[in-house]
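> One structure, pasted below without further comment.
The values are calculated or read from the model by the stated rules, or taken from the named source; none is laboratory data. Computed from a prediction, not measured in an experiment: that's the story for all the values here. Methodologically, a virtual Cβ is constructed for each residue, glycine included, from the backbone with ideal geometry; neighbour enumeration extends over all protein chains shown.
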Amino acid sequence: MDAAILIAAIRGRSFAAVVEAALTAALFTTDRAVEEAARRITLGMKQPELLGLLRELAEVMIVAPVVDLEASLEAAERSLRQAVPSRNGSIRDAHVLALAWEVDGDIWTTDRDFAGTGVATWSTPNLMRALGQSEPQR
């Protein structure tokens, strides 16, 4: 799960979806994604009172330290630089890709940057359908 999904959940758009998904699948994110979400909540949204929700959200998933992903991080950066769909060369979410490779998982995201990296990506509505649920109400 990338920071954008964490932010969407905190804003109320997919909090219930995260909780429901956690009932049927193991959810992973990185400490960097949680830190990025916290920074955006505090500085971008200017709503530090929502940090408690982020902590609650982090409790229903496994938060992997980026330092534990060092073996895959360089290859993930290289893969993202060469990814055809986004063509922006951004390696900002290499930690998310490295984690997906490490746990042999998919990525829940709103980004197209991961296409062509060998990892399936899921939007919230598509993931909810795949899990046999309709997207939860806000």
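> Please specify each residue of the stretch 12-44 satisfying the condition of being farther than 21 Å from GLU102 by Cβ and touching a helix residue (DSSP H, G or I) at 6+ places or on another chain (Cβ under 8 Å).
The answer is ARG13, SER14, PHE15, ALA17, GLU20, ALA38, ARG40, ILE41, THR42.
> Restrict the check to the stretch 60-71 and report whether at least one residue is in contact with a Gly (Cβ under 9 Å, 6 or more places away or on another chain), surrounded by 12 or more Cβ atoms within 10 Å (Cβ to Cβ), closer than 29 Å to ARG129 by Cα and small (Gly, Ala, Ser).
No, the stretch 60-71 contains no residue that is in contact with a Gly (Cβ under 9 Å, 6 or more places away or on another chain), surrounded by 12 or more Cβ atoms within 10 Å (Cβ to Cβ), closer than 29 Å to ARG129 by Cα and small (Gly, Ala, Ser).
> Out of the residues in the stretch 102-124 that are among the β-branched types (Val, Ile, Thr) and not in a loop (DSSP other than H, G, I, E, B), state the one that is farthest from the chain's Cα centre (by Cα).
VAL103
> Please enumerate the residues belonging to the stretch 10-38 that are in a helix (DSSP H, G or I) and modelled with pLDDT of 95 or more.
Once the filter is applied, which keeps residues that are in a helix (DSSP H, G or I) and modelled with pLDDT of 95 or more, the stretch 10-38 yields ASP31, ARG32, ALA33, VAL34, GLU35, GLU36, ALA37, ALA38.
> Return yes when ILE41 is more than 13 Å from the chain's Cα centre (by Cα), within 22 Å of THR124 (Cα to Cα), among the aliphatic types (A, V, I, L, M) and at pLDDT 95 or above and no when it is not. Quick ask: steps written out before the conclusion?
On the way: more than 13 Å from the chain's Cα centre (by Cα): yes; within 22 Å of THR124 (Cα to Cα): yes; among the aliphatic types (A, V, I, L, M): yes; at pLDDT 95 or above: yes.
Yes: the conditions hold for ILE41.
> Scan the stretch 28-42 and report the pairs whose first residue is surrounded by fewer than 19 Cβ atoms within 10 Å (Cβ to Cβ) and whose second residue is modelled with pLDDT of 95 or more and part of a strand (DSSP E or B), with Cβ atoms within less than 8 Å and a gap of 6+ or a chain change.
Sorted first by the residue in the stretch 28-42, then by its partner, the pairs are ASP31/VAL63; ASP31/ALA64.
> Sticking with this one: Looking at the structure I just gave you, is LEU54 free of Cβ contacts under 8 Å to residues at least 40 places away in the same chain, within 18 Å of ALA4 (Cβ to Cβ) and part of a helix (DSSP H, G or I)? Steps first, answer last, please.
Values: free of Cβ contacts under 8 Å to residues at least 40 places away in the same chain: no; within 18 Å of ALA4 (Cβ to Cβ): yes; part of a helix (DSSP H, G or I): yes.
Judged against the criteria, LEU54 is not a match.
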